[in-house]
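As C-alpha cells, the structure follows; a few thoughts come after it.
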Amino acid sequence: MRAMRNIVILISGRGSNMQAIVHAAQAERWPAKIAAIISNRSDAEGLSFAQEHGIAYAVVANGDYPSRAEFDAALQAEIDRFEPDVVVLAGFMRILTAPFVAHYAGRMLNIHPSLLPKFPGLATHRQALQAGETVHGATVHFVTAELDHGPIVAQAQVPVLPTDTETTLAQRVLEQEHVIYPRAVRWFIEGKLSIEAGQVRIADKATT
Ligand code: GRF
C-alpha cells in the first residue's frame, strides 16, 4: 500500500470546501496528496485555486456527453487516472448513476448542507427556514445510490436565528462545513472509518 493516500476532489463551483480540505491536508501534514481536482464545469471558480496551488485539475463537462451514463463513464475514467483512495464530492452538483456510485462504494464522501435525514436535495436552507427549524447544520456522509442518504460520518449543528435569511443561514452552515469536512476526510485517510451494518464507526475519534 502507498504511504501517501490519493485524494481526488470533485467540484462544480466555488470550491470553498475543497479549499478547506487542501489547507487542512497541508497544515496538518496528512499522509495524503490532493491528486486532482475535477470539475464538471469549465467555469468553476475552484479551478483557479487548483491552478494557483499547483494541483492537477481537469474538466469533464457533462454537456459534452449525450447521456448520464456516458458522462459518468468519462468522469470515472478521468478520476481513476489519479488512482484515488478516496473521492471527495465538494459541491459537486450532479446526480450520479448507480454503476458510478458502486465503483467507489466505501471510498466516496459527500457533504450536504442539512442535518440529514432532514432536507435532502436542493435549497436546504430555504427548506429549513420554511419548516421553522431552530437548529440546522451540515452532514458528511458516504455516498450510496440513494441521493443524500448514505451512512453518516459527521454532523455539525448551528442555531437558526429569527433574523436569518437563506444567505446568513447558509454562511453559518458553511463555516461548520469547513470544520467537519476536512476532519472527516482526515479520519478516512487515517483508516479510522468503517461501515458496520450501514452505520459508520470511527476508531480513536477522541485522539484527533
Ligand atoms: C456547500 O454548501 C455544500 O454543502 C453543498 O454545496 C456547497 C458547495 O460550496 N453541497 P463550495 O463549492 O464547497 O464552496
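Taking a ≥ b ≥ c as the square roots of the eigenvalues of the alpha carbon gyration tensor, the chain is rounded, as a/c is under 1.5.
A Förster radius of 45 Å combined with the Cβ-Cβ distance from Ser67 to Thr134 puts the calculated FRET efficiency at roughly 0.55.
Taking DSSP loops as anything outside H, G, I, E and B, show the longest stretch in the chain free of trypsin sites (Lys or Arg not before Pro) there with at most 12 other beta carbons within 10 Å. Walk me through the numbers before you get to the answer.
Numbers: sites that count: Arg2, Arg29.
Here the longest segment lacking exposed loop sites spans 30-208.
How many percent of the accessible area of the range 68-121 is carbon or sulfur, using a 1.4 Å probe? For the range 68-121, the apolar C and S fraction of the accessible surface comes to 59 percent.
Where only DSSP H runs of four or more residues are counted, the chain gives -10000 deg cm²/dmol as its mean residue ellipticity at 222 nm, each run worth -39500 (n - 2.57). The length gained on full extension between Arg107 and Glu166, counted as 0.36 nm times the residue separation minus their Cα-Cα distance, comes to 18.1 nm.
For the range 90-208, the square roots a ≥ b ≥ c of the C-alpha gyration tensor eigenvalues yield an a/c of 1.5 or more together with a/b not exceeding b/c, which makes the shape oblate. Ranking Phe188, Val160, Val101 by how far each Cα lies toward the positive end of the dipole of the range 72-208 (charges on Cβ) leaves Val160 at the top. Residues of the range 95-130 with backbone nitrogen within less than 20 Å of a virtual label 7 Å along the Cα-to-Cβ line of Glu196, please, listed as ranges. Only 106-107 fall inside the zone, counting backbone N under 20 Å. With the simple spin-label model, which puts each label point 7 Å out from Cα in the Cβ direction, the Ala203 to Arg81 separation comes to 3.4 nm. Whose amide H sits under 5 Å from the amide H of Thr144, counting only residues 5 or more places off or on another chain, with H placed in the peptide plane? Long-range HN contacts for Thr144: His149, Gly150. Label separation (Arg126 vs Ala98): 3.1 nm, computed from points 7 Å beyond Cα along the C-beta direction.
The values are calculated or read from the model by the stated rules, or taken from the named source; none is laboratory data. Just so it is clear, the model here is predicted, and its values are computed rather than measured. Don't worry about glycine lacking a Cβ; one is built from the backbone with ideal geometry, like all the others, and counts go over all protein chains shown. For accessibility, only protein heavy atoms count, side chains too; no ligands or nucleic acids. Shrake-Rupley method; radii C 1.70, N 1.55, O 1.52, S 1.80 Å.
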